[in-house]
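Written below as structure tokens is the structure these notes are about.
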Amino acid sequence: MEAYLKKLCFEYQVEEKEVKELLARMERVYLDKGETIASATMPEQSLYIIVSGILHTFTTQQGEDKTVRFLSEGDAILCYNTSKHSVKTLTRCVAYYISEDEIEELCATSITFSNQFYLKEEMSVNARKLTIRERYLSLLSEIPDILYRVPLKYITYYLGADVTSLGYLAGSCK
């Protein structure tokens, strides 16, 4: 079984068979680095399951993207029109995509997946309550090579630290 599929099954507590049924209904898409897949100006709701690459949800403050959450292989994200957050790729990505109409149909047929998906979204919001060190260690356990693939400005904002603190943190966690 592919790595993203294993993570998806584990993280969302769903059976491989159910995920494969979902993927069979989805379209595989290739996203370029810097591509926005959700923002206030994009009206369609959609679901993406990440096969490879790194994305982030962010807010824009004073012209800069401020990362709220990172997503990588095996993560799923429900994208919808919101003035609070946008979703953009930080690297080239491969994902499975399903539109709003198909999501409604899916939720009607797969209560397990829809319940687990919303529970996981709620857990990611609660992750902001962790200490900087806990968020850093959690981030590295989820995306071990993130420091080499994503600009530090996104990571430091996500952690709530500056570059100097990030260097100290990285040195103390080895």
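Readers should treat all values here as calculations from the given coordinates under stated rules, not as data from a laboratory. Keep in mind it's a predicted model, so treat the numbers as computed, not measured. A quick note on method: Cβ atoms are made from the backbone with ideal geometry, for glycine too, and the neighbour counts reach across all protein chains shown.
In the stretch 1-96, which trypsin sites (Lys or Arg not before Pro) fall in coil by DSSP and have 15 or fewer other Cβ atoms within 10 Å?
Numbers: sites: Lys6, Lys7, Lys17, Lys20, Arg25, Arg28, Lys33, Lys66, Arg69, Lys84, Lys88, Arg92; in loops: Arg25, Lys33, Lys84, Arg92.
Answer by residue number: Arg25, Lys33, Lys84, Arg92.
Using Stokes-Einstein with the Kirkwood hydrodynamic radius over Cα pairs, what translational diffusion coefficient do you get for the stretch 39-88 at 37 °C and a viscosity of 0.692 mPa s, in µm²/s rounded to a whole number?
Details: Rh = 11.3 Å.
My calculation gives 291 µm²/s for D.
Extension gain Glu134-Thr41, at 0.36 nm per residue separation less the Cα-Cα distance, in nm? Spell out each step's value before the answer.
Numbers: separation 93, 0.36 × 93 = 33.48 nm, distance 3.41 nm.
Extra length available between Glu134 and Thr41 comes to 30.1 nm.
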Inset, instruction - Would you calculate the separation in nanometres between label points at Glu142 and Leu169, each defined as 7 Å from the Cα along the Cα-to-beta-carbon direction? - result: 1.3
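Just in the stretch 40-96: which GluC sites (Glu not before Pro) are loop by DSSP and have at most 15 other Cβ atoms within 10 Å?
Details: sites: Glu44, Glu64, Glu73; in loops: Glu44, Glu73.
Loop-located and lightly packed - Glu44.
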Legend entry - All-pairs Cα distance distribution in the stretch 1-50, expressed in whole percent, bin size 10 Å: 19, 46, 29, 6
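What's the FRET efficiency of Glu18 with Gln61 using the Cβ-Cβ distance as r and R₀ = 45 Å, to the nearest 0.05?
My answer for the efficiency is 0.70.
Quick one: divide the alpha-carbon radius of gyration of the stretch 5-82 by 2.2 N^0.38 Å and tell me what you get.
Working: Rg = 13.8 Å, N = 78, 2.2 N^0.38 = 11.5 Å.
Ratio of Cα Rg to 2.2 N^0.38 Å: 1.20.
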